[in-house]
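The values are calculated or read from the model by the stated rules, or taken from the named source; none is laboratory data. All values derive from a computational prediction rather than experimental measurement. Neighbour counts are summed over all protein chains in view; Cβ atoms, including those assigned to glycine, are modelled from backbone coordinates with ideal geometry. SASA here: full protein model, heavy atoms, side chains in, ligands and nucleic acids out. Shrake-Rupley method; radii C 1.70, N 1.55, O 1.52, S 1.80 Å.
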Protein chains: 2
Amino acid sequence: MHLSTEHAVNLKAIVGPEAVRTAQDLSTRDAGVDPANFGASLMIRPGTTDEVARVLAYCNAARIGVVPQGGRTGLSGGAESHEGEIIVALDRLNRIESLDPLSRTVVAGAGVTLAALAERSAAHGLAPGIDLGARDSATLGGLVSTNAGGNAAFRHGTMRDRVLGLEVVLADGSVLTELGQVRKRNEGLAVERLFIGAEGTLGVVTRVALSLIASPGPPATALIAVPDLSAAVSLCDLTQRSQEFDLQAVELMSGNHAAATCRAAGAAQLAPLAVAPYVVLIEVSALDATAAAAGLLALLEQASERGLVADAAVAQNQAQRTTFWRIREDWAVDREHPGGLWYDVSVPVAGLPGYLIGCHARLAAHDSSLELFVIGHLADGNVHLTVNGSRPIRERYEEIAPLLTDELAALGGSFSAEHGIGLEKKATLLRLGAPVRLVMMRRLKAMFDPNGIMNPGKVL
Amino acid sequence: MHLSTEHAVNLKAIVGPEAVRTAQDLSTRDAGVDPANFGASLMIRPGTTDEVARVLAYCNAARIGVVPQGGRTGLSGGAESHEGEIIVALDRLNRIESLDPLSRTVVAGAGVTLAALAERSAAHGLAPGIDLGARDSATLGGLVSTNAGGNAAFRHGTMRDRVLGLEVVLADGSVLTELGQVRKRNEGLAVERLFIGAEGTLGVVTRVALSLIASPGPPATALIAVPDLSAAVSLCDLTQRSQEFDLQAVELMSGNHAAATCRAAGAAQLAPLAVAPYVVLIEVSALDATAAAAGLLALLEQASERGLVADAAVAQNQAQRTTFWRIREDWAVDREHPGGLWYDVSVPVAGLPGYLIGCHARLAAHDSSLELFVIGHLADGNVHLTVNGSRPIRERYEEIAPLLTDELAALGGSFSAEHGIGLEKKATLLRLGAPVRLVMMRRLKAMFDPNGIMNPGKVL
């Protein structure tokens, strides 16, 4: 169903002609991770909360589907849009309204990118407390709506734990402004917090109040090849218990991932590490670079004594540190094997070795041509599993999902860790979600969005 | 309205005669902070989640009000019960079911006390990450239901940030079991998280999955008299930016509070500190006691150079440390002035000096016989204001509340920081709560508890 010309004209009138993108405009622009993000043929770019409210009130009355978009870097299809719907892009709400260095709080528009917030915070010796690969494009609204996690969540929590307050526009255009900037605030049922992780299905996040952290000191970074995954888990525990440094990251990658990213980076000197089944990236910080390096070396020594280290390399300068992170974050595996499948799970870290052994065994028994690559955030047990075949297998998501997800609930884990449900994990949610919970989710959706205009078809 | 004998007999049959307390039994027991907690004449003590579910299903069908009770240490009347209602006490759900030291997670019954969890965690070098004065009586179910805060929230968050998963019994007796033990879990709308801070108005929390932290190293503790509150805020900032120690607590008290607690403790040697307008308790920890003490002394030196210290004392041993904490936590002010009023607010810390100056001025203008005492958790801007008159003034809560709370929203603060709404702050919530939010709260209440049996009359 196409959007009628009358609706398009009326919606354009709310925000003004400069703040609209037509199908033709969109065809020349980057749709982000997923080309289907630009399936709708009209994008409205409100410049104020009031404009968002008027757009939603109009769409609610006219039963027009609304797909909110931030950085379009989501990996689960949560920003896909279709003909007949409109895109509401929040990129113009990109003002950092206030930053209070003493209280360590910030109030900012939903369209501010994580990188922009990090840069502004750094000027005050502060940081957002959340970091992830898509930092240059991901926006605060999207980070809140997906409850983003990333590298630092083991220590500073996910976006949920960073949010002090929110302003959201409900489906009917009413505005809930709860921008308190305090950690302790218990004023009855936390209505506004339902929008954290709701993936735009209840309303639109327009402004956020966040808690900031003190910037970490200078870093020291190592890549550590471990003999097996149990050693990685023990190394993670040892690292978290050290009081000689501030722990910044404990990242995991399988040897085949590290081999691919070493090749891509031309880092031949690191390739021997990738012979090990798993490689762990550890980054620590301290008062100064000397103390950080000393703390890291002491850790490596203790870990070696306990047989947890097969091989290790310590970054000697910023360029090497950048390379180490590239070994972890580069998407070389996806470039080498286009058309693979990604799964995004978490498992209590003690259960991770058994879980991954089981995954390997189930995949091999199912189809011996499948290859598993693992990257992730070890300290919170969040791993991203890439499954590749000898040729593209993108259509086999549902076939393979049960092999990797059905065991998770019994382990206390999750089939949907940090990328959200979107469209990709809907079937898994319906298969594994508790019936009582699904019923309550549907009732909440009906309560907040009785006409079903908000991000139609996503999550449920 | 009395509970009929038939209902009492049927409810007793669900849990068995041993698990019931009658009005006569209750009259010989401690009702906790508030004698009105034992207003109902029947207490049911379920031993399993299934028993909770059957009790609630019965009460829902029979329209009997249910008041859940944990440690009965709540300060806002959230556990008050009345004739015709029943108390559902969770004290028998007191099993720590599993503790996974590598994953740093625990699954435990709602009736486990914070002290019991702290003790069990300590055996593994771990801690709950939350601490407060009522640790010996407060239970996990109550801590979750009030989203408790306490001394460590500035660093490890409130209970909301510690909760990984919950099991709750809904008003109709259905059970929502979401006991995932991972930090990253985004499986659609976070239905179960609505019960955090809901004060028992939506259902009953029966089990919790929590994230634990590494036990801190040996502590070093100081009481620091500051020339004024702005100096306290600067000291707090300086302390939080230090990377020479792990910061455990930054607690605030007004000089008149410290004077009262010094008298009560017989700590004449500390009394000179209480001449200052405010005293700050700082506790740090490090790898060993020597490093902690050195870090604290270095901080004091820096703070002195900046003119932030009027006087200071450093605890030389555990006995002195205990005394320092008693100076902060003892209720001497309430013993000296029975019948005073407590308010529980939070303010972004940079705004705290201006806010408290305003409070003093408004109180003096309103009634010059009123005296204000301040204690609180400085690093998250959470202060507890005690207002005393020349005689008991308990009935003047609503008269004085606007003087202390009406300015808070404009400051980004909260009129209800960590003790919950209960009965005490209902009028304030109705006065200051955003109308859109109150509407959504009522709809959520009606959705989860259509017969209004859960903790009737509380919060809204």
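The table that follows gives values for the structure above.
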read-out: For A:LEU252, distant residues with modelled amide H under 5 Å away; value: A:LEU281, A:GLY376, A:HIS377, A:LEU378
read-out: For region B:326-396 versus region A:199-269, the gap between their alpha-carbon centres in whole angstrom; value: 44
read-out: Charge dipole magnitude, Cβ of K and R +1, D and E -1 - the protein assembly as shown, Cα centre, debye nearest 20; value: 1160
read-out: Solvent-accessible area of A:TRP342 with every protein chain in place, 1.4 Å probe, in Å² to the nearest 10; value: 70
read-out: Accessible heavy-atom area order of A:THR201, A:THR290, A:THR73, highest first, probe of 1.4 Å; value: A:THR290, A:THR73, A:THR201
read-out: Check: region B:150-202 dipole with +1 on Lys, Arg Cβ and -1 on Asp, Glu Cβ, in debye; value: 420
read-out: Which of B:PRO68, A:PHE245, A:VAL347, positive extreme of dipole for the protein assembly as shown (C-beta unit charges); value: B:PRO68
read-out: In Å², nearest 10: area of A:ASP330 left accessible to a 1.4 Å probe; value: 30
read-out: Exposure of A:ILE375 as accessible area (Å², to 10), given a probe of 1.4 Å and all protein chains; value: 40
read-out: 10 Å-binned pair-distance histogram of the protein assembly as shown (Cα, whole percent); value: 2, 12, 21, 25, 21, 13, 5, 1, 0
read-out: Relative contact order (percent, whole number), region A:239-359, Cα cutoff 8 Å, 6+ residue spacing; value: 29
read-out: Only Lys, Arg (+1) and Asp, Glu (-1) charged, at Cβ; region B:174-213 dipole about Cα centre in debye; value: 200
read-out: Extension gain, B:ILE96 back to B:ALA13 (0.36 nm per residue minus Cα-Cα distance, nm); value: 27.2 nm
read-out: Lys/Arg +1, Asp/Glu -1 at C-beta; the protein assembly as shown dipole; positive extreme among A:GLY78, B:ALA209, B:ASN151; value: A:GLY78
read-out: Under 15 Å from A:LYS445, Cα to Cα: aspartates and glutamates that are on another chain or at least 8 residues apart; value: A:ASP172, A:GLU192, A:GLU199, B:GLU187, B:GLU192
read-out: Area projected by the alpha carbon convex hull of region A:65-181, averaged over all directions, nm²; value: 7.6
read-out: Two-site FRET efficiency, A:TYR397 against B:ARG29, from Cβ-Cβ distance with R₀ of 45 Å, rounded to 0.05; value: 0.20
read-out: Principal axis dimensions, region B:272-353 - Cα atoms, whole angstrom, descending; value: 44, 32, 25
read-out: Quotient of C-alpha Rg and 2.2 N^0.38 Å, computed over region A:1-105; value: 1.15
read-out: Shielding of A:431-440 by partner chains, average beta-carbon count, 10 Å; value: 5
read-out: Label geometry 7 Å along the beta-carbon vector: A:GLU301 inter-copy distances in nm; value: 2.6
read-out: Percent RCO, i.e. relative contact order, over region A:33-173, from Cα pairs under 8 Å lying at least 6 residues apart; value: 25
read-out: Rounded if a/c under 1.5, otherwise prolate or oblate - chain A, Cα gyration tensor axes; value: prolate
read-out: Residues whose placed amide H lies under 5 Å from that of A:ALA225, excluding near-sequence neighbours; value: A:VAL280, A:ALA310, A:ASP311, A:ALA312, A:ALA313
read-out: Exercise: per-residue mean of other protein chain Cβ atoms within 10 Å, B:338-347; value: 2
read-out: Highest-first arrangement of B:297-309, A:53-65, where packing means the average Cβ count within 10 Å; value: A:53-65, B:297-309
read-out: Degrees, to the nearest 10: B:289-305 long Cα axis against longest axis of chain B; value: 60
read-out: Listed residues A:SER27, A:SER234 arranged by accessible area, highest first, probe 1.4 Å; value: A:SER27, A:SER234
read-out: Modelled FRET efficiency - R0 45 Å, A:VAL439 with B:ALA364, Cβ distances, 0.05 increments; value: 0.25
read-out: Extreme residue, positive dipole direction of region A:339-420, given options A:ALA410, A:LEU378, A:SER368 (C-beta unit charges); value: A:SER368
read-out: Solvent-accessible ranking of A:SER98, A:SER254, largest area first, probe 1.4 Å; value: A:SER98, A:SER254
read-out: HN-Hα J in Hz across region A:362-375 - Karplus 6.51, -1.76, 1.60, θ = phi - 60°, x for Gly and Pro; value: 5, 5, 5, 5, 7, 6, 5, 7, 7, 10, 10, 10, 10, 10
read-out: Neighbouring partner chain Cβ atoms per residue of A:372-382, average, 10 Å criterion; value: 2
read-out: Ascending list, in nanometres, of distances separating the A:ASP25 label from those of the other copies (7 Å, Cα toward Cβ); value: 7.0
read-out: Nearest residue to the symmetry axis between B and A, taken on chain B by its Cβ, in whole Å; value: B:ASP161, 2
read-out: A:LEU126 long-range amide H proximity, modeled H, under 5 Å; value: A:SER215
read-out: Share of carbon and sulfur in the accessible heavy-atom surface of the protein assembly as shown [1.4 Å probe, %]; value: 54
read-out: Computed [θ] at 222 nm, helices only, for the protein assembly as shown once each DSSP H run of length n ≥ 4 contributes -39500 (n - 2.57); value: -10000 deg cm²/dmol
read-out: Calculated label separations, B:ALA123, copies of the chain, 7 Å along the beta-carbon direction, nm; value: 5.3
read-out: Sequence-separation-based contact order of chain A, relative, with Cα cut under 8 Å and 6+ spacing, percent; value: 16
read-out: Residue-wise HN-Hα coupling along region A:38-53, computed from phi with Karplus coefficients 6.51, -1.76, 1.60 (Hz; x: Gly, Pro); value: 9, x, 6, 9, 9, 10, 10, 10, x, x, 9, 4, 4, 5, 4, 4
read-out: Region A:106-118 - phi-based ³J(HN,Hα) in whole Hz, Karplus 6.51/-1.76/1.60, Gly and Pro as x; value: 9, 10, 8, x, 5, x, 5, 7, 4, 5, 5, 5, 4
read-out: Area hidden from solvent between B and A (accessible, protein heavy atoms only, 1.4 Å, total, Å²); value: 6800
